[in-house]
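Following: one structure in structure tokens, then a few remarks.
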Amino acid sequence: MTPKRPVNATRWLALAPLLFIGAAITPATGQTTQSAPARIALAEDPMEIRSLGLSVRLPVGARLDTSSIGASNASFTLFSEDNTWIMRLHSPKSRDRELTTVEVAEGLIEEMKATRAKSGRIAEGESKSGVELIDRADNLLINGVRASRFYAKIARGDGAKLVSGYTVFPLSPGQFAIFQLDCIDAEFDRARSAYETVLATVAITDPAELAADRAAGLLTGDRLLAQFNGEDLLNMLPPTAQFYRLYRPSSDGLEGDEQEVAYQVVEMRRGQRGELDPRKPKSRWMQADRDWGIIATVKARFLDGQRLVDSESVFFLSLDRSNEAWSIHMAVKRGKDAAIFTETGAREGDAIEVNIIQPGQPQVTKRWRKPPEGYLSQVETLLLPFMLARTGAETEFAFYTYQPQHNDIMLRRDTFERSDRPGEWMQITRPSEDAALDRTALDADGLIVRKQLASGVVMEAVKFDRLLSIWRSKGLPTE
């Protein structure tokens, strides 16, 4: 028997209520296969989590929180229609590429016991850990994928019994999909039935197939970028600033009833890196500050209930595209109070570093190596529509790019095709693998005409005078 390796890569456990598995043992192989649970109505179309290569059908009527979908580690929380159980998906990564589902399950159990023991509220008659392992299957087979599962009963300080369960699927070396179920002991059987029914629908794409699909998109993206040098990018810059209005359409279709969300001003021009910091005089510029390239400035004002959010982002890309830098300044205002958020980033060759400062928190510094293929700089992200219009290539592209909203480098996909409207193109963008689609109509040169965001917000090109008139007519702040 191979001795167990110590497991220390299990800081993924969020201790919660309940879980259980019903399984049948196949005597010939000792392999556990999931038994057929009681029927529960499932959505016809599966939910796809593309970043994980995973799909799953969810119960009809359940409430889904997907606020973490689209982030670097995809996760979601599912609440039953009657609020008697909660199901969560986690997708942790470990540096140990040899870690197995059995070891992950073992680590979760040990952490659960350690967490419970630290509470110091173990009742008389309980085990020393306060955790009772109900069932465990280390060689489960679900849709051809081997997984590990266990269920544990936990006594709360008030005497109530909770049950938590975990099913661990392998995704790729060092990464796992962990489905967690929580409920009170009295609801265990019903929750178990729903849980197992859902998990019986889990389908996982072969990692090699997933990697091949990404590689094909990145190769196409690389070929697009290779068609343009720095001078080409300079020549496609819009001659004037572009103004955009963001709003939610009204139900009655009347313009006056539309809800204003934000406005945005985008300007791109030839400039020097030192312009990123307007407070720094040219006399104090370092040699790197004198590099010529493209400066892109994005100014925006967002309405967020009683809050007003003003942001200014400045991006720089050198003409040889070997380095870039950016600064983002955001002020969240409420009355006379303002909270300031800042981010600075830079890429020198293949080294990328980002520094994030938020109110009341220490500075966060993140570092990456530039992906070897399909990397899109911040300036090139703004110039992508112009590049697509120049080539007219109707196909799908994939790019890696840093995304400030997630503070991470993520894969985005863009499909370019002709619009039904004469003289227009359509750029269909999935900002990250798990994000919903944005649809952008472009004119023949690549300028944005209008953009339908997945959130339902519409972004439209607008003249400055008209934008100002709309906001003033609604009594919105324009100063």
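In table form, for the structure just shown:
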quantity: Among the candidates Arg284, Arg270, residue that is open to solvent by 30 Å² or more (accessible area, probe 1.4 Å), modelled with pLDDT of 95 or more and over 30 Å from the mean Cα position of the chain (by Cα); calculated: Arg270
quantity: Qualifying positions in region 96-132 - at pLDDT below 90, on the phi < 0 side of the Ramachandran plot and in a loop (DSSP other than H, G, I, E, B); calculated: Ser119, Arg121, Ile122, Ala123, Glu124, Glu126, Ser127, Lys128, Ser129
quantity: Residues of region 282-311 classified as more than 18 Å from Arg245 (Cα to Cα) and hydroxyl-bearing (Ser, Thr, Tyr), total; calculated: 1
quantity: Residue in region 337-346 that is open to solvent by 30 Å² or more (accessible area, probe 1.4 Å) and in contact with a helix residue (DSSP H, G or I) (Cβ under 7 Å, 6 or more places away or on another chain) present; calculated: no
quantity: Leading residue by the ranking (farthest from Asn83 (Cα to Cα)) among those in region 162-191 that are open to solvent by 10 Å² or more (accessible area, probe 1.4 Å) and of a type in the set (S, T, N, Q); calculated: Ser172
quantity: Region 138-161 - residue that is of a type in the set (A, V, I, L, M, F, W, C) and touching a helix residue (DSSP H, G or I) at 6+ places or on another chain (Cβ under 9 Å) and, of those, surrounded by the fewest Cβ atoms within 10 Å (Cβ to Cβ); calculated: Ala160
quantity: In region 454-479, residue farthest from Tyr400 (Cα to Cα) [restricted to those that are under 27 Å from the mean Cα position of the chain (by Cα) and modelled with pLDDT under 95]; calculated: Gly456
quantity: Residue check for Gln378: without any contact (Cβ under 8 Å) to a residue 60 or more places away in the chain and polar (S, T, N, Q); calculated: no
quantity: Members of region 210-240 found to be open to solvent by 60 Å² or more (accessible area, probe 1.4 Å), within 23 Å of Met410 (Cβ to Cβ) and touching a residue at least 60 places away in the same chain (Cβ under 8 Å), listed by number; calculated: Leu219
quantity: Within region 241-265, considering residues that are part of a loop (DSSP other than H, G, I, E, B) and touching a residue at least 12 places away in the same chain (Cβ under 8 Å), the one least open to solvent (accessible area, probe 1.4 Å); calculated: Ala241
quantity: Residue in region 11-20 that is buried (at least 17 other Cβ atoms within 10 Å of the Cβ) and modelled with pLDDT of 90 or more present; calculated: no
quantity: Counted residues, region 430-459 - those being open to solvent by 20 Å² or more (accessible area, probe 1.4 Å) and over 30 Å from Glu48 (Cα atoms); calculated: 5
quantity: Candidate set from region 395-414 (those that are open to solvent by 40 Å² or more (accessible area, probe 1.4 Å) and at pLDDT 95 or above); member that is farthest from Gly446 (Cα to Cα); calculated: Tyr400
quantity: Subset of region 266-287 (residues that are aliphatic (A, V, I, L, M) and without any contact (Cβ under 8 Å) to a residue 24 or more places away in the chain); calculated: Met286
quantity: Every residue from region 460-479 that is open to solvent by less than 50 Å² (accessible area, probe 1.4 Å) and within 19 Å of Ser250 (Cβ to Cβ); calculated: Val462, Leu467, Ile470, Trp471, Leu476
quantity: Neighbours by Cβ (under 7 Å, 6+ apart or cross-chain): first from region 324-349, in contact (Cβ under 8 Å) with a residue 12 or more places away in the chain and within 19 Å of Ala288 (Cβ to Cβ); second surrounded by fewer than 16 Cβ atoms within 10 Å (Cβ to Cβ) and among the β-branched types (Val, Ile, Thr); calculated: none
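Residue by residue, here is whether (1) more than 30 Å from Thr344 (Cα to Cα); (2) touching a residue at least 60 places away in the same chain (Cβ under 8 Å) holds:
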site: Ala389; (1), (2): yes, no
site: Glu394; (1), (2): yes, no
site: Thr401; (1), (2): no, no
site: Arg418; (1), (2): yes, no
site: Ile470; (1), (2): yes, yes
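The values are calculated or read from the model by the stated rules, or taken from the named source; none is laboratory data. Remember, predicted model here, so these are calculated numbers, not experimental data. Note that each Cβ is placed from the backbone with ideal geometry, even for glycine, and that neighbours are counted across all protein chains shown. Accessible surface is based on the protein model in full, side chains and every heavy atom, while ligands, DNA and RNA are left aside. Shrake-Rupley method; radii C 1.70, N 1.55, O 1.52, S 1.80 Å.
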